[in-house]
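Trainee: My structure is below; once you've seen it, I'll send some questions.
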Amino acid sequence: MTEKRQQASAKPFVLITGAAGDIGSTLTHALRDRYQIIALDRSHSDTADFSYTFDLTKRESVQLALRDVADAHGHALAAVVHLAAYFDFTGEHSPLYDSVNIEGTRHLLEALEPFSVERFVYSSTMLVHKPTVPGQRINEDSSIGPRWIYPLSKTETEGIIREHATMPYTLLRLAGLYDEHKCVPTLAHQIARIYEKNFKSHVYAGTTGVGQECIHKDDMIDAFRRTIDRRQELPAANEILVGEGHCDTYEALQNRLGELIHGEQEWATLSVPKPLAKTGAWLEERTEPLVPDDLKSEKPFIRPFMIDLASDHYELDIRRAKDQLGWQPKHNLFDDL
């Protein structure tokens with residue numbers, strides 16, 4: 001065996017579900033200097049050391065993939081990072097929330113029972129918590145109260161992990177993701193409306209003094225890496241909120257975007273009563289199929305369910321991430337824009 005292979009074989013194994021995706025590929029690159037990466041996904045991963053395909057919704061497929069992993073690499077895993085999940089922004093229930101997020105996680109935990117896993121790391125969301133008001137920060141012990149189907153599925157999945165995990169676990173509750181190329185849908189559309197000087201950029205169906213915290217992808221990847229590096233030091237049952245520790249309000253982002261894009265110091269924004277906004281969103285959604293294709297600019301983004309969430313405020317207390325992971329965000333959305 002060559003020296004290079006000896007060094008590689010000495011690296012602990014980290015198994016990542018959803019490893020072929022954008023976040024999974026980035027995390028793989030960040031970990032490969034210290035770990036051997038085993039990828040599990042619907043498609044092959046070009047970045048992992050070893051790649052296996054599986055269907056998370058089918059118990060037999062998950063069991064078979066994990067048996068193949070055990071046969072090739074043994075049963076010792078430094079960490080399992082569970083990224084694979086279903087998400088859409090319709091606000092409507094999809095059976096995939098159950099089959100992928102909830103039951104898929106149950107299938108994965110069952111298949112991992114023969115393994116020795118030092119830590120199971122789950123990619124959750126800050127939205128499992130009840131929203132608060134400006135000045136009141138959410139910490140890991142704050143009330144749980146998801147407000148729509150996606151965070152509800154994450155909340156139920158967290159419950160599955162607590163009940164069935166036979167290994168130490170960390171639930172990383174992440175803020176809204178962004179980097180230089182992508183961001184959460186709400187921020188992307190806010191930027192687009194202001195760029196286009198759309199009428200909708202001047203109205204908002206909620207209180208403009210609230211906001212939702214974000215996190216840069218590089219900082220998020222760093223939090224995952226630190227969680228894995230400190231896997232033996234963390235509490236056996238562990239939740240950690242990860243965000244920038246600063247929440248820009250909708251109004252502040254409006255003004256910032258207006259200045260950066262159009263050189264306008266203040267971007268006039270009118271709060272619209274929710275019943276009126278809901279009626280407008282409902283009408284736009286229902287009449288969209290009647291508009292000729294050559295007159296359409298894009299499908300309506302604002303859905304009635306989003307109006308109910310417009311005044312939700314998510315401002316995080318990230319002291320646990322700092323204390324337990326030695327983690328500190330290096331980015332700030334307001335500056336990075």
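The values are calculated or read from the model by the stated rules, or taken from the named source; none is laboratory data. Not measured: the values here are computed from a predicted model. Positions of Cβ are generated from backbone atoms using ideal geometry, with glycine treated the same way; all protein chains shown enter the neighbour counts. The accessibility values were calculated without ligands, DNA or RNA, using every heavy atom of the protein model including side chains. Shrake-Rupley method; radii C 1.70, N 1.55, O 1.52, S 1.80 Å.
Trainee: Give me the percent relative contact order of segment 120-253, please, defined on Cα pairs under 8 angstrom at least 6 residues apart.
Mentor: 32
Trainee: Quick check for you: with a 1.4 Å probe and neighbouring chains kept, what is the accessible area per residue of segment 135-248, in Å²?
Mentor: Heavy-atom accessible area per residue stands at 42 Å².
Trainee: When DSSP beta bridges are limited to those with both residues in the chain, what percentage is antiparallel, rounded to the nearest 5?
Mentor: Taking every DSSP beta bridge within the chain, about 10 percent pair in antiparallel fashion.
Trainee: If you stretched the chain out fully between His262 and Asn198, how much longer would it get, using 0.36 nm times the residue separation minus the C-alpha to C-alpha distance?
Mentor: Answer, rounded to one decimal: 21.8 nm.
Trainee: With the chain treated as a Gaussian network of Cα nodes joined by springs under 10 Å, which of His181, His73, His129 yields the largest mean-square fluctuation?
Mentor: Evaluated over the chain, the most mobile residue of the options is His181.
Trainee: May I pose another question? Got a sec? What order do Phe334, Phe305 fall in by accessible area at 1.4 Å, biggest, i.e. largest, first?
Mentor: Phe334, Phe305
Trainee: Principal axis extents for segment 34-141, Cα atoms only, whole Å, descending order, please.
Mentor: So the extents along the principal axes, rounded to whole Å, are 52, 32, 27.
Trainee: Note down the nm distance, to one decimal, between modelled labels 7 Å out along Cα→Cβ at Lys11 and at Ala70.
Mentor: Using points 7 Å along Cα→Cβ, the separation is 2.5 nm.
Trainee: Please compute P(r) over all alpha-carbon pairs of segment 109-211, binned at 10 Å starting from zero, and give each bin as a whole-number percent.
Mentor: Binned Cα distances yield the sequence 12, 32, 30, 16, 7, 2.
Trainee: Tell me the relative contact order for segment 1-103 as a rounded percent, counting alpha carbon contacts under 8 Å between residues six or more apart.
Mentor: It rounds to 27 percent for segment 1-103.
Trainee: Just want the answer: with Cβ charges of +1 for Lys and Arg and -1 for Asp and Glu, which residue in Leu260, Leu309, Gly206 is farthest toward the dipole's positive end in the chain?
Mentor: Working it through, the farthest residue towards the positive pole turns out to be Leu309.
Trainee: Please give the Cα centre distance for segment 200-220 versus segment 98-160, rounded to the nearest Å.
Mentor: Here the two parts' Cα centres lie 22 Å apart.
Trainee: At a 1.4 Å probe radius, carbon and sulfur cover how many percent of the accessible area of segment 1-112?
Mentor: Summing carbon and sulfur atoms, their accessible area is 50 percent of the total for segment 1-112.
Trainee: Report the relative contact order of the chain, percent, no decimals, based on alpha-carbon pairs under 8 angstrom and at least 6 residues apart.
Mentor: Once normalised by length, the contact order is 17 percent.
Trainee: Also, quick follow-up: Using helices alone, what [θ] at 222 nm do you get for the chain, with -39,500 (n - 2.57) per DSSP H run of 4 or more residues, divided over all residues and rounded to the nearest 500?
Mentor: -11000 deg cm²/dmol, from helical runs alone.
Trainee: Please state the Cα pair-distance histogram of the chain with 10 angstrom bins from zero: what percent is in each bin?
Mentor: 5, 23, 31, 23, 13, 4, 1, 0
Trainee: Still on this structure, I have one more. Rounded to the nearest 20 Debye, what is the dipole magnitude of the chain about its Cα centre when Lys and Arg each give +1 and Asp and Glu each give -1 at the C-beta?
Mentor: Computed about the Cα centre, the dipole is about 440 debye.
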